[in-house]
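What follows is a set of notes on a single structure, which appears directly below.
Just so it is clear, none of the values below were taken in a lab; they were calculated from the coordinates. As the structure is a prediction and not an experimental result, all values here were calculated from the model. For neighbour counting, all protein chains shown are included, and Cβ atoms are generated from backbone atoms with ideal geometry for every residue, glycine included.
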Amino acid sequence: MITLSTASLYPYSLPRIFELAALAGFQGVELILRDQKDNAYLDSWDIDYLKGLEKKHNLIINSIHVPFGFKDQPEDFSKISELAKKLKAKFIIIHIPREDETTYRAWFVRFNFRNNPNVLVENIHYKKDYTDPIIRYNSLNIIKNMCFDVAHALRSITQSETEQLIDQLKNIKQFHVSWWDGKEDHLSIVKNASFFQKVLKNRKEDLCLELCPKAFKNFTEETVVKELRKNRKILENL
């Protein structure tokens, strides 16, 4: 399945994000849950409301991404799991903890991944201002089920290493697809389609386009839909 992360068009409201995703031809979305301090909090946790958006725009919520503040409140996972079940979402996406995220790290180590096969662990990037993730790129094979973020990898290791890693890993269930230009990540893949044709051609995993506002020349509806369609067509041609 080819989906669009709702984070790609934040801070648009969820109704508009669903509308634009449908206009751009996506089959579904990855819903990023919002923290309580966020204006979009109530909408992103309201099951009946979300089911209404799915029905109205003929889209599936294929996966759910935990809130950005999840690392501080991992005990909320039971609520997230229940939400995913009621929405019939295929996957729940969580990040690899960093060394200094003690609360989250402790929860992650205790968590029973064997009994939660729908939970996909996403690789995060190395960054000078942060401590390293507890699972590094040369050890990603120890994860049971992965959501592989291409831009995070490109930001952390070389392009050739990223290619080799994607080819070697057998635990990937979904890709987060976007580009890293050396300064910004989660950018459009249009200008670098050849790279994705090389590493993702004929793969069976779900593909989730995960962009950021800087991926668009401007945030007018026409420009956004046009850029999303270009990205989607590249993914479909894979």
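Points worth noting:
- Each residue, Asp132 and Lys51, gets one label point 7 Å from its Cα in the Cβ direction; the gap between the two is 4.7 nm.
- A quarter of the convex hull surface defined by the alpha-carbon atoms of segment 30-135 gives 7.3 nm² as the mean projection.
- Three principal axis lengths of segment 86-203 [C-alpha, angstrom, descending]: 41, 36, 27
- Among Ser188, Ser44, Ser139: highest mean-square fluctuation, GNM of the chain, C-alpha pairs under 10 Å: Ser139
- The calculated FRET efficiency for the pair Thr220 and Lys183, based on their C-beta separation and a Förster distance of 25 Å, comes to about 0.60.
- The chain: most fluctuating residue of Asp181, Asp132, Asp38 per GNM, C-alpha cutoff 10 Å: Asp38
- Local electrostatic count at Lys170 - Lys and Arg +1, Asp and Glu -1, tallied over other residues with Cβ under 15 Å: +2
- Values of log10 I(q)/I(0) for the chain across q = 0.07, 0.09, 0.11 Å⁻¹ run -0.21, -0.35, -0.54, by the Debye formula with one identical scatterer at each alpha carbon and no solvent.
- The GluC sites (Glu not before Pro) of segment 121-165 include none that DSSP puts in a loop with a beta carbon having at most 11 other beta carbons within 10 Å.
- Largest GNM mean-square fluctuation across Lys201, Lys173, Lys183, computed for the chain with C-alpha springs under 10 Å, falls on Lys183.
- Filtered trypsin sites (Lys or Arg not before Pro), segment 13-82: DSSP coil and at most 13 other beta carbons within 10 Å: Lys37
- Annotation: for a label point projected 7 angstrom from Cα along Cα→Cβ of Lys86, residues of segment 42-59 with backbone N closer than 11 Å are 45-51.
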